[in-house]
Each structure stands twice: as C-alpha cells, then as structure tokens.
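Let me begin by presenting the structure, written as structure tokens, before commenting on it.
The values are calculated or read from the model by the stated rules, or taken from the named source; none is laboratory data. Keep in mind it's a predicted model, so treat the numbers as computed, not measured. Heads up, the Cβs are rebuilt from the backbone with ideal geometry, glycines too, and the neighbour counts pull from every protein chain shown.
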C-alpha cells in the first residue's frame, strides 16, 4: 500500500483514477451475440448456453418444481436473514415513494407531476463462484414497491443447468414474476428484444462482467434503459485519530475480496494512522481465504495523508466513492459537508457490509466517479414521472400572449396558430 | 394521412414504429471530432468552427458586452413573455424539490436518502434557423432551483460569430454561469472533457441534431451523464366526438412544423372524426409558411380509428407519446388510465404549445417510445440522491447475525469479518 503525504492538487486527478477497462476487444463479440439473440431468439439462447457455458438446457424458464426444491435447500438461518434484510430494505425504500405534485401555476393553468411505475423490468444476477442473492433483494423489492407489473430475472446456471437455491428462494420471496436460465450478454439481449420465452422489458438492472456491462451499454443506446454505468467496486475510508484501525483494515479487506480490480483507499489525518492501517491490513489478510484476489486488489490500494480536514473532504468529493466510510470524531459534521458518494457509512460501527446486505440502503451504487452525476438504485429507478397539464378557456386566454410572443420569436408560427384558434373560439 | 380502422393487435407494433435513424455513417466522424477536442482542446474548437461552420471566432466565451447588447436587442414583448413563462416553470419545478428521507429501519440502524445537486451541468442549445431560447428556460431554471453550482451553455453562432440575442438574454435571466460559442459534436466533447476555456461538466442536457445526439451517446458510455436518449418530436391526439377538430388539426400542424421527421398521430373514436381532422389539416396547412417541412412530416402522420375506448387507451400506452393530447369527453377519467407518455394535455384548451413554452411543465421529454422507461427533464434530473447510514454499537450487534449469514452464504468471508471485528470490540 503506497502512502502519499499531502499530495498537491495537481496530483489529485491521478490519485483518483480508476483502472481503465479496455472493452474494444470484446465489443465485436458482444455485438454479434446481441444480434444473434435479436434474430434467432430462444434458439440462440440455448445454443449460446451450450457454446459459451457448456450447458445443455432442457428449458429456459425455471419450473415450479425447481422453486420448491430451492425452498427446501436454503437453510433456516439464511431464510431468517433474508426476512430481516428484506424488512429493512422495504422500510427504507417504501419511505422514498414519491408523491404526486400538483400546482396551479396561474389561474386556469394546472400542472401535475405523476409518478408511475415502469411496467416491465428485467434483473440480471451474475452466476459464478458465489450466488449473489442479496442483489435479488436490492432490485426486486423496490421494483415491487414501485408497482412494476412484470419483474423478470435472468441468471446463468451451473454446469448441471441449475440456478443457485438462494437466488431462486430470494426471487420468489421478493415477488419476481419468472426466472430464466440465461447469462451474459445474451441475457441482456433477450430482455432488450424479447424472445418467445423471455419477455421484452423496458429497463434492465443489475451487475455483471464486462460482456454484460457492454451489452447493457449497447441496448441503452437503442431501445432499453439501464440502471447505471457499471465498474469495479470501491471503498474510501476517511480516518482520523478516533478511527479504530482494526475496523478500517477489515473494511478495506472486505472491499478487496470483491475482485482483483476492486479499489480500497484510506484518507488519513496523520501518517501514523496510515501506517497503523497498513499494519492491520497485513495482519488481517493472513486470516482470509480469497488471498489471491485480495493481494491483487491491495496492490492498487492507497493511503493518502492530509494535515487539513478540508483537504480530506475535498479529496473525497473529487474521488466520488461508491462507498464512503467516515470514521472521524465529528463524523456527522463531516458527512454534512459531503455531497459526492454513492452511499455513506457514518462512524466506527457502520461497516460497508451493513449496507451491502441489511441496513436498508441499496447496494447497487455508482462506481468509477459516476457518483458525480448518478444516484444509486432507489425507488425512482423503477418509476417514471409523467407530467400533466390542464388549461381552462380562461387559462389559455391569459397565457396566449406569452405563448404567441415566444413561438413567433422562435419562428414557429403553427405553435402560435394552435393557441390563436382556441382564443378565437372561446 | 392514412386512416386505419380498428387495426388488429398484431399490427400495432408497426403502427407505433418511428422513423429509424441510421447513424452508422456519421459515427466515425463524430468519434473523430470528440477525440480531436479531447486532445487539442480550444484549438480544436476554433478550428472546427472555421471548418464546419465557416466562422472565424476571436473568442470562445460570450463577453459581457455581448450580453449587454443582447439585452438591448430583445423586444419588450419577448422579455415580458419570458418573465411569465419563467414564473410558471419555476413554480412547477420548485414544487418538485425532493425532501430528505430518514428512516430508523430497526433499533440503532438509521438510513437517510439525501438529495444533493449535481455540481456542474452543461446545456446545449442548437442554433439554426430559429433561436430556441425556450429550451434555455426549461433547462437553466430547474438547474438553478436544484442548486447546481455551475451551469454552462454551449451554442453555435451565425456566420458573423454571434449568438441569438434571445438565447443570451434568457441565459442571463435564468442564471447561466457562462455561454460558449461552440456547436455540434464538438460542444458535447468540450463539456465532457473540458478545455482551457470550457469547463468539464458532470451531466449534459439539451436537444440537437444527429451529430450532437451521437456525441452525447458516446460520452454517456464514458465519463459524463446525459439527460435522455433523443429522437424526433412527436404528438398523439386522442379525439372523440367532444374534440374540436380545428384544434386537433392545429396541434398536429404545430408538431409537423418541427421538422420533416416529426410525427403526428390522431387516435379517433370514429371514422367521421378522422376524416374531419384530415380535412381541417388540409385547410389549415395552406395558411402556414413552413410548408415543405409540414408536407414531409404529414406524409408519415396517421389516423387510427378504434370503436372501443379501451383500445384507444391501450394503443396510446403502447405508442408512449412524447406529447399526448386527450380531447375526450371524460378527459380526466381517460388520463387517469394513462401511464405512458412524456407530457399529457387534458381537454380542448390545453394545446401542446402551452407546455412547449409556458404552462410550467418541462418540454424536454422522452421521444421514440422512451416514455416506457424515462421521465422528461424535471428537478430530479439535476440532482443525485446519496444514501447515508449510521449504526450504533447495539445496532450492528443486532444486525450482525443477518449480515454474517448472508455474507457467508455468498462466500464473502471478509464481509462477515468486518462485522465480527466490531462485535468482539463492543
């Protein structure tokens, strides 16, 4: 772990830089997969499962029997945990439900902003070594609260054509309409264009590898919205002398285990703290199994030391972390000066793991500096806001001179005429 | 205008189809412009103004003298109109300002959702035959209400290197920080990467031609958010026997004058209404000057007749119009069954022009069916929602079994360890 002491402003941009992903080599491949699914539908999905994943699927949709089997396989402990986490996630997201806005902007002119659910949403859950069923909770629960009619889920299977029991259990618990055994770029294509089995959706959510991310970007430019741009996970910890360095080190390691491209950065108020964190990281990493990921990830982790608190905060604002842990004496005071992060964890007893699973906040968050312009997934992500206006004859009469003057100045005479024809009449 | 009587469901998709834009031919050109601006900054902007627009610019930034001159040039009538429109737009958007959400999800676990303004936003205003100063109001006023620190605007000049007076006047009136004489894809690149003169922004808003749209899509996949995918403007009118066909025809023509690729569709409860609308369109179009645009646009306008009201509504839902005018007897009753449109205009006296300029609603709206998943520009478009959580020692203790069970089931042991280390301590 490199330690940087009071780096100059000019150095900040490079210290905030994330690993760049070069997707140009896989772009053609992803484009070809998407086109194949668009044209050949289910046939392409079954063929790609065999070609890419080496799986012979007898059916794309998960059956009732499979759901029932999953229910039996999931431990009582995990079921209980899902109940607690779901309760917290639902409570926090329910409180975010937007209200209808109704304003009479002037006599006879009424404007409304009406929140409406997106009708059809698609969730993608990666397969791989660990079944990320927590992401099912984070996406399906708000979708249901928002009122989405159809919530479908695509996920790859293991070599035996099975979906992880926890994913199926969580999907049913959270009101997912149906689950399909489709992974990778082909899953994104299936949900964007629809096949005989997989329905076309309006918006696609969820994490994935580079193929999935690139396919999401591709369809976002065509016909289907996506949740947000995706990149490797990251955490920043702000630590002063009130921080417990054992906790800071544990948080950095929990980020590092996500993958070799994860980034963990600690911003300290003194060199002594930075060194203590480093020593603790070394000590604790020996206790972990995912050692190779952790080692690669820690290779690009950093400690930055600033003498002045305002520099610590300004640096955090520039970095725009996906997860920002504030372990400082005046933690709430510091948080009130922070505007740019996906999710913030206040004080010594709020680890990132809490938000990853169960505090109630969403763990689908903007990475790679996208927190400068994007929110994490929240109830709005599953809704649209439609505007509505109603003018009375008197309302349009009063507003007519304004509309006509502006339309004529913009050279749009038919816009003016559409008002005049109503005034003459009324 | 083609008239379709009770088309079968299977035909709806083709009747809802928009003109496809093939941008593959200009993609390389746009990519080259973006790269050139990214590498050469201001030099590229000045050179491209000369090469593409044939303009020799002495400075990229609009000067105070130019703003003062603009103030003198804009008529009192237009100034008064801008005041009225601004008042309504501000009133409606101010009412949308989100509140902070704060929930104790369980004892010792507090979650917040905090709305924060996007710090730096960039607005693009097209040049061309008519100065679209109304779009300045629609973008800059909500940006200011949201609290954005920096609001910059790029717009191309005329051959003499001048920006339309109305655009400059509106920009200053609405709190735009600075205006730059840059148009096309190069403006988008300048705001996405920053140059010595034009600052880098976090999110780019505003309409434009295909070069602008493609450049926005390009940077959206890299480092800068954009307002929404863009396409040609469109209107759908739902008309029953209570509709005044003169108004319906005027609304369709006001859409048609936007450009040859605009689309106007009327959905009628009887063939007689469709024919009456057609006759009125023919009569009124003779009175308009922009005849060529209107003729081309009308060539792909359509009248669809449905005997049943539920089919009229279902068809409107599938089309997902940017602008939807409901001229029906039970207009509010119908609107309450509509969920998919950018902006809705209720009854005979609510023309699209009202929303385009002055009712208070925003006129930057989802086209080409994007209303299925996107909102028009609103106060949220200029904000992010950051989440914050705080756990007390007792809070993390109570939540620990849940987090540990889920982390272990996902195979993430360091996530579990970050909780355990805090429990042992407390």
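Numbers for the structure displayed
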item	result
Selected residue (criterion: nearest to the other protein chains (Cβ to nearest Cβ)) from residues of region A:292-317 that are exposed (fewer than 15 other Cβ atoms within 10 Å of the Cβ) and more than 26 Å from residue A:282 (Cα to Cα)	A:310
Test: residue in region B:189-197 that is within 14 Å of chain A (Cβ to nearest Cβ) and buried (at least 24 other Cβ atoms within 10 Å of the Cβ)	yes
Check on residue B:275, assigned to a helix (DSSP H, G or I), at pLDDT 95 or above and facing another protein chain (nearest Cβ under 10 Å)	no
Wholly enclosed helices (runs of 4 or more DSSP H) of region B:328-426 bearing at least 3 residues within 7 Å of chain A (Cβ to nearest Cβ)	B:352-357, B:393-409, B:413-425
Condition met for residue A:318 (assigned by TED's automatic domain parsing to the domain that holds residue A:242 and farther than 29 Å from residue B:108 by Cβ)	yes
Yes/no for residue A:243 being under 19 Å from the mean Cα position of the chain (by Cα), outside any helix (DSSP H, G or I) and surrounded by 19 or more Cβ atoms within 10 Å (Cβ to Cβ)	no
Meets criteria (surrounded by fewer than 21 Cβ atoms within 10 Å (Cβ to Cβ) and more than 30 Å from residue B:349 (Cβ to Cβ)) for residue A:143	no
Elements of type strands (runs of 3 or more DSSP E) in region A:83-136, at least 2 residues being within 7 Å of another protein chain (Cβ to nearest Cβ)	A:101-106, A:109-117
Residue within region B:48-58 that is touching a helix residue (DSSP H, G or I) at 6+ places or on another chain (Cβ under 9 Å), closer than 30 Å to residue A:357 by Cβ, touching a residue at least 40 places away in the same chain (Cβ under 8 Å) and assigned to a loop (DSSP other than H, G, I, E, B) present	no
Residue within region B:262-271 that is part of a helix (DSSP H, G or I) and farther than 30 Å from residue A:374 by Cα present	yes
Some residue of region B:48-59 being surrounded by 13 or more Cβ atoms within 10 Å (Cβ to Cβ) and either within 14 Å of chain A (Cβ to nearest Cβ) or touching a strand residue (DSSP E or B) at 6+ places or on another chain (Cβ under 8 Å) (or both)	no
